[in-house]
Amino acid sequence: MISRSPLDDPAKAAHAWARYLRVMRWMMTVTVGLVAGSVILLYRSNGMVSIHFYIATALGVGFTMLLASALMGLVFLSSGTGHDESIDDPLDEDNPYK
């Protein structure tokens, strides 16, 4: 028999996704600040090299930060809701359904 995930409950899922979106909004704010800070730091140390250099830097730093925060947010969402514990592990020795 397959265990039910706590995310199958619409109320718990709505709460978990609302928390995830709140974390992502916070990380978007941090990312914008970090991108602005990195572009300013590069401009102060190198001067005006090329606009493409600054665009590539901003996109690279921004994409990396947002991707990392999205993936970590999903890990915390999965772990925090109990979704990780609801799987059926075929390698578990205590599993009677092997």
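Please treat every number below as a calculation from the coordinates, not as lab data. Being a predicted model, the structure only gives us computed values, none of them experimental.
Just a few scattered comments:
- Value of relative contact order over segment 10-81, rounded to a whole percent, pairs C-alpha under 8 Å and six or more apart: 54 percent
- Principal axis analysis of the Cα atoms in segment 10-81 yields extents of 52, 15, 14 Å, listed in decreasing size.
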